[in-house]
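J.: Here it is: the structure, laid out below.
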Amino acid sequence: MSGWLNIVGIGEDGLDGLSPAARALVDTAEILVGGERHLAMIPADHPAERLHWGKPFDDSFASIEAHAGRRVTVLTTGDPMYFGAGAVLSRRMKDAIATVIPAPGAFSLAASRMRILANDGNTPARIAGMLAARGFGDSRVTALEHMGGPRENRHEALAKDWGDGPVADLNTVAVECVAAPGAQALSRVAGLPDDAFEHDGKMTKREVRAATLAALAPLPGQLLWDVGAGCGSVAIEWMRADGCAIGIENNPDRMAMAARNAALLGVPDLKLVAGEAPAALQGLDAPDAVFVGGGIGTDGLFEACWDALRSGGKLIVNTVTIEGEAALAGLHREHGGELVRLSISRLSPVGKLHGWRPLMTVTQWQVTKA
């Protein structure tokens, strides 16, 4: 006997979210199978017998098979065949399954929320070009067109061989990343190489940036204000640790660099605010941490940052000038915290030999708001 078992995916919107075909399989079922949450979505006056999942789950098979030949509908969350109950049932009771009607699953819902579907038919070529340019030309790129319809099609090639040809605007892209020897793989640990960023020389250098991020101690979901963001290096590394960030920058050229760096380094959601602090800070969401990369002596800047900072939040200020050190010394006397001097030297050629070239010494003030 075959074709008596139907599997229907159902979402948080319950019966209202089902297609007419799926709703018909629920309405006409003699046996409804599901978890307590699924069966609670069914009206109390539905005449079907209700069968809950067994514990352990394998006990459910015999209970379902006992109703072979009747109209049995199994309710599952989202897409039944994407790591769901439908996939398990198909391995055990493949010949019994008549129809599977999915609802949007966790992956498809996440994709829609995070906008990871392609923008248009040129997106796969742009992705392939970016991969090839960054040493991942051997990565396999797959573009799936019009999935689920009569025009469904698949395009597949290595990134370096993709070319410029567009695919249909309705497409989804998958990438199997393969790094060529020497390709630069960027860790999520703080302290990316300086040349990973587009910059004009005025940036928080790698070693100091790593120490700064360690002092800021980012946690997932926390918000950072990067005041005087420059090319965005601190804010971007904060976001690569699963935080959120707002970069405040008065120089339009550096602001544009920060935007490009954020896109290339995987954090395009970096919010950039044009303007000079403290005026540009008004109306921004309260931060969990604040980094000031310079200009701490500006009238009202510390007060604006400190007042906005959430209780328990951290404020880190770096300076390389005597005037900045004087301002930090006064703030340290008033608010406590810790003063640190960071002196970094890098080996570089001196004629045919090599010597240590010091970077400008950075004075760093670290303070936590009680």
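The values are calculated or read from the model by the stated rules, or taken from the named source; none is laboratory data. Quick caveat, the model's predicted, so the values are computed rather than measured. All Cβ positions, even for glycine, are placed from backbone atoms using ideal geometry, and neighbour counts span all protein chains on display. With ligands, DNA and RNA removed, areas are computed over all heavy atoms of the protein, side chains included. Shrake-Rupley method; radii C 1.70, N 1.55, O 1.52, S 1.80 Å.
J.: Can you give me the % of accessible surface on the range 248-311 that is carbon or sulfur? Probe 1.4 Å, all protein chains present, nothing else counted. Don't skip to the answer; put the middle values down first.
T.: Numbers: 1440 of 3130 Å².
Carbon and sulfur: 46 percent of the exposed surface of the range 248-311.
J.: Using r as the Cβ-Cβ distance of Ser345 and Ala370, and R0 as 30 Å, what FRET efficiency do you calculate, to the nearest 0.05? Present the calculation step by step, with values, prior to reporting the outcome.
T.: Values: r = 37 Å, r/R0 = 1.22.
Calculated transfer efficiency: 0.25.
J.: When the Kirkwood hydrodynamic radius is evaluated over all pairs of different C-alpha atoms of the range 270-370, what value in angstrom, to one decimal, is obtained? Spell out each step's value before the answer.
T.: On the way: mean 1/r = 0.0656 Å⁻¹.
Averaging 1/r across every pair of different Cα atoms and inverting gives 15.2 Å.
J.: In the chain, what percentage of the DSSP-assigned beta bridges are antiparallel, given to the nearest 5? Each step should come with its number before you reach the end.
T.: Working: 29 of 63 bridges.
Of those bridges, close to 45 percent are antiparallel.
J.: Give me the count of lysine pairs in the chain whose alpha carbons sit under 27 angstrom apart, restricted to pairs 8 or more positions apart or on different chains.
T.: Counting lysine pairs in the chain gives 10.
J.: Please list, in order along the range 253-268, the HN-Hα scalar couplings obtained from phi with the Karplus expression 6.51 cos²θ - 1.76 cosθ + 1.60 (θ = phi - 60°), rounded to whole Hz, x for Gly and Pro.
T.: Going residue by residue, I get 5, 5, 4, 5, 4, 4, 5, 5, 4, 4, 5, 6, 9, x, 10, x Hz, with x marking Gly and Pro.
J.: Expressed as a whole percentage, what fraction of the accessible surface of the range 173-229 belongs to carbon and sulfur atoms when a 1.4 Å probe is rolled over the protein heavy atoms? Don't jump to the answer; show the numbers that get you there.
T.: Details: 1620 of 2900 Å².
On the range 173-229, the fraction of accessible area on carbon and sulfur atoms equals 56 percent.
J.: Now for a separate question. Quick one: what Rg and Dmax do you get for the range 1-63 from the alpha carbons, in Å?
T.: Spelled out, the Cα radius of gyration and Dmax of the range 1-63 are 12.0, 34 Å.
J.: With viscosity set to 1.002 mPa s and temperature to 20 °C, compute the Stokes-Einstein D of the range 5-146, Rh being the Kirkwood radius across alpha carbon pairs; µm²/s, no decimals. Mind showing how you got there, number by number?
T.: Working: Rh = 17.3 Å.
The estimated diffusion coefficient comes to 124 µm²/s.
J.: Pick out which of Ala125, Ala277, Ala44 has the largest mean-square fluctuation in a Gaussian network model of the chain, springs linking Cα atoms closer than 10 Å.
T.: With Cα springs under 10 Å in the chain, the top fluctuation among Ala125, Ala277, Ala44 is at Ala44.
J.: Between Arg140 and Ala217, what is 0.36 nm times their sequence separation minus the Cα-Cα distance? Round to one decimal in nm.
T.: Numbers: separation 77, 0.36 × 77 = 27.72 nm, distance 3.63 nm.
Once the chain is fully extended between Arg140 and Ala217, it gains 24.1 nm.
J.: Would you kindly compute the Cα radius of gyration of the chain and its largest Cα-Cα separation (Dmax), both in Å?
T.: Over the chain's Cα set, Rg and Dmax evaluate to 28.6, 91 Å.
J.: Where in the range 1-32 does the label zone of Asp95 land, with the point 7 angstrom along Cα→C-beta and an amide N cut-off under 11 Å?
T.: Flagged as within label range: 1-3.
J.: Counting pairs of alpha carbon atoms under 8 Å apart in space and at least six apart in sequence, what relative contact order in percent does the chain give? Walk me through the numbers before you get to the answer.
T.: Values: 690 pairs, mean separation 36.5, N = 370.
Reported as a whole number, the value is 10 percent.
J.: Report, in whole Å, the centroid distance computed from the Cα atoms of the range 274-313 and the range 120-183.
T.: Distance between centres, Cα-based: 42 Å.
J.: In whole Hz and in residue order, list the ³J(HN,Hα) couplings for the range 179-186 that follow from phi through the Karplus curve 6.51 cos²θ - 1.76 cosθ + 1.60, θ = phi - 60°; x for Gly and Pro.
T.: 8, 6, x, x, 5, 7, 9, 9
J.: How much of the DSSP beta bridge set in the range 143-293 is antiparallel, as a percent to the nearest 5?
T.: Values: 6 of 19 bridges.
Taking every DSSP beta bridge within the range 143-293, about 30 percent pair in antiparallel fashion.
J.: Expressed as a whole percentage, what fraction of the accessible surface of the range 11-90 belongs to carbon and sulfur atoms when a 1.4 Å probe is rolled over the protein heavy atoms?
T.: Numbers: 2300 of 4190 Å².
Of all accessible area on the range 11-90, carbon and sulfur atoms account for 55 percent.
J.: If I model a spin label as a point 7 Å beyond the Cα along the Cα-Cβ vector, how far apart are those points for Lys352 and Leu109 in nm?
T.: 7.0 nm
J.: How many nm separate the modelled label positions at Met130 and Ala263, each set 7 Å beyond the Cα in the direction of the Cβ?
T.: About 0.8 nm separates the two model spin labels.
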